[in-house]
Structure formats: C-alpha cells, structure tokens
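The values are calculated or read from the model by the stated rules, or taken from the named source; none is laboratory data. What you are looking at is a predicted structure, and each value in this text was computed from that prediction instead of being measured. Positions of Cβ are backbone-derived with ideal geometry, glycine not excepted, and every protein chain shown enters the neighbour counts. Protein only, heavy atoms only, side chains kept; ligands, DNA and RNA dropped before computing areas. Shrake-Rupley method; radii C 1.70, N 1.55, O 1.52, S 1.80 Å.
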Amino acid sequence: MPLKTFIREFGNISNKSPGRKDNHRRGRSHIAPEAASSSSSSSSTLSLAGSSTPIIEQGQWANLPPELLLDIIQRVETKEICWPGRRDVVACASVCKSWREITKEIVKTPEQCGFFTFPISLKQPGPRDAPIQCFIRRERETSTYRLHLGLSPALSGDLSKQLLVAKRVRRATCTDFMIYLKGDDFSKSSNDYIGKLRSNFLGSKFNIFESQPQYDSTAQSSPRSRWKTYLKSVPPKVPRISLNTASISYELNVLRTKGPRRLKCIMYSIPVSSLEEGGTARTPTAFANFPDEDPSPPVDSKGKKPRMGFNSTVCGKPPKSVQSTALALKNKAPRWHEQLQCWCLNFKGRVTVASVKNFQLVAAAEPGHNIAVAEQDKVILQFGKIGKDIFTMDYRYPLSAFQAFAICLSSFGTKPGHSGPLAKSGSSCW
C-alpha cells in the first residue's frame, strides 16, 4: 500500500476513535504550534514556571506505536533508493519528533548506502566501493558555482538535485568562495552558510574553513528570552566560528616548464589511519557541534583561547600533532601521449574536454603508513571538463561532498602561472 494512502486511512480511523472528538481542529501534524493557536487550545500552551524548556504537543502522529512506526519507515527506506524518490523518507522525518528520531536511526550514511537523505549527508564521508557522481555548473555572470547530483545535465535534466552553491567574492588580498546549502541568501549570516574556501593573493595556496557554532556554557538564556523566541518562532542567534580543516597548495611554475600543474591537499580533519584496514573517518551527525562533539574551543600557539565573536575565523593551522597524522592527497601523475602530444589521464569516460583544470587525487602515503597498495592507487577525487562551464566531480571515501566541492573550487581560483605551456593547452582524457 502506498505511503500516502496508508496515512490517509490511518488518519480517518484516528479521527473516528472515541476520546478524540476535538482532533479536527489540528488534523495536520506539526512540530511547533503557532502563536495564535496557543490562546485557543489550553493543551498546547507553554508553561515557564518551574520549567526551562517549552512543552509542545506534537499531534496525533506522535502517539503512533513505535513498532508500527518502525515498520512503516523501514518499508519506505527500502523502496525509495533514488533521488528524488527519497523525498518520502524526508517527509517521514518531518512529521514529528518521534518520527524524526526513528528515521535517523534507520537511514544510513552515504558511506554505507551511497545516497543523500538529509543535509548533513553533505558533510559525511562518501562510499568506499563506488564514487558518487556529480557535476558542477559555472555561472560566469554571477560568479556562482552550483553542485548537482547526477552524471551530467544532459542525462539528469530536471531530476538533478542541487546539493551546494558557492559564491566567488574577490577581496583586496584574497579570494573567497562562500559555500551554502541553497543559493537564496549569499551572506555570511545566512543559516545556509556552511563554510568557505579562501586563497592567498597569488592564488597558489588555499584553506578550507568549516562553519561551526561556538558553544558557550556560561551563556544561559533567560525565561523571558525563551518566551520571545517561542512567540517569534525564530531560533536564537549563536556565535559561529570557521575552523581551518584543510589546506591546498599548487606548485608555482616560475620557469614555465612543460607539464601539468601539481597540487597537494592536507586534510586536517581526516586522519591518515582512515585509509588503513579497519580505519574510520569522522562522521558528523548534525551541523550543530555542541559540547558532546567539540567541548573545547581552538587554542592558538601561545596556549590562549582566541576571542570569538559572531562569524569569527580561526586562521591558524592546527597543532603539529594533528598535521603529522592528517591525510595527504596528491594529484595522480599523468603520462605523456606521443601521438596526441599532450598529457593524458584515464577518467573512464567521465571527462570529454581537454582542460588544465582536469585532475585526479590519490592518497600520498609514506613508507611508515600501513596503507595497502590497492588503496593508494584508488582515485579519491576526480574533476574534469565536459562542456562549456560544465564540469564533473566524482568523489569517494574518506572525502565528503563539501570537502570535494571545496577542493574543486580551488581549480577556478588558480592563476595561469601554475601550469606550463603544454598543460595550459589542455590535459587530455581517455
């Protein structure tokens, strides 16, 4: 039976059951009642006396037996295995709090299933076996870059899901690529802002910053402020910081020698042990990293906690202990094709246009690291051109969609001096 039909029939049965004669007033399930409804229904009012958290009635769907609810969402999860069909899974999580908690337990991460379900999936590692295939559309007029899920615009069409949006902002001494979940508001105070890529003046070095809320255990909201927040239905403003989680460097080609440009990435948030047998990478479960995940703020080189304000930036590098265990990525060395007279890489049909921006990244393992040879040869991220302002991006574990997108954006921010004449004419693919 389809999900919509089941919910419709179950709702009719619930409305006809005794003891629920007043349910016609709030037949639709909701997470938080409106301010106006609090005056008409005494059961949904907020009590501030002796309680610091609001008591909110979530509707009739919250009373569904957990066993039946578990079976329903499991059936939806096994059926909806593609996008945009997984919108039904997201709809289940939007009914009420109990539905949302059970849905989060059932839905697997991209590393386990290879699918995107919730926005936090964009910051979770990709699958280990097969890469997630995406494409990037560049809009020159607005300096905007959009990441879509799918093989290409021609094959995906209107079914392609927009995952992330980046806005290029030129400054006096650097260039920023501001990354958002949606492209509605390109401001740093937007709730959709999740991080940025910043380059130096020469365009040879980049840093990836992830936006995280700054938790302050001493700051407690008063009952009056909680009451105002409840009436306005607006979450309280939380100070946010940007943590330096990765660095990207392009080799400066001063002598203009022949050959493609070379890049190296140091992923501070990913340990090199994640590629070892039985290793795991950090998998966040929510955008708000509160004290359970990150109890202490970053510390500078002098051992002092930096002063944080709204939208502050921690520009310093992580401690040396973190840098020594961080995962390093390098571009896969291409081979010179005598007949084509250009540098070639095997993109397995995913890249069709020769471009200096085309690259493949593999793990840069040292002799002391216990990483298998087969794992070192795996392409973790590949990026290439398939048309005018259209590029493909395929990534896998241990990178996330956000990290892979930020690395690919660095290819748009480099200066021409970072490649030789032959590489500038294009790196071929086959």
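Annotations for the structure displayed:
- Top-ranked residue of the range 330-352 - restricted to ones that are modelled with pLDDT of 90 or more and of a type in the set (A, V, I, L, M, F, W, C), ranked as nearest to Asp377 (Cα to Cα): Phe347
- Taken over the range 346-398, residues that are over 30 Å from Ser324 (Cβ atoms), crowded, with 22+ Cβ neighbours inside 10 Å and within 22 Å of the chain's Cα centre (by Cα) amount to 3.
- Looking only at the range 364-400, and only at residues there that are assigned to a strand (DSSP E or B) and among the hydroxyl-bearing types (Ser, Thr, Tyr), the one that is nearest to Phe135 (Cα to Cα): Thr392
- Residues in the range 184-234 that are modelled with pLDDT under 70 and open to solvent by less than 50 Å² (accessible area, probe 1.4 Å): Pro213, Gln214, Ser225, Thr229, Tyr230.
- Across the range 413-422, not a single residue is classified as open to solvent by less than 20 Å² (accessible area, probe 1.4 Å), modelled with pLDDT of 90 or more, closer than 23 Å to Glu210 by Cα and touching a strand residue (DSSP E or B) at 6+ places or on another chain (Cβ under 7 Å).
- Residue list for the range 152-182, filter: in contact (Cβ under 8 Å) with a residue 40 or more places away in the chain, surrounded by 15 or more Cβ atoms within 10 Å (Cβ to Cβ) and farther than 21 Å from Ile208 by Cβ: Ser152, Pro153, Lys161
- When residues of the range 130-150 are limited to those that are within 19 Å of Arg350 (Cβ to Cβ) and without any contact (Cβ under 8 Å) to a residue 40 or more places away in the chain, the one most open to solvent (accessible area, probe 1.4 Å): Arg146
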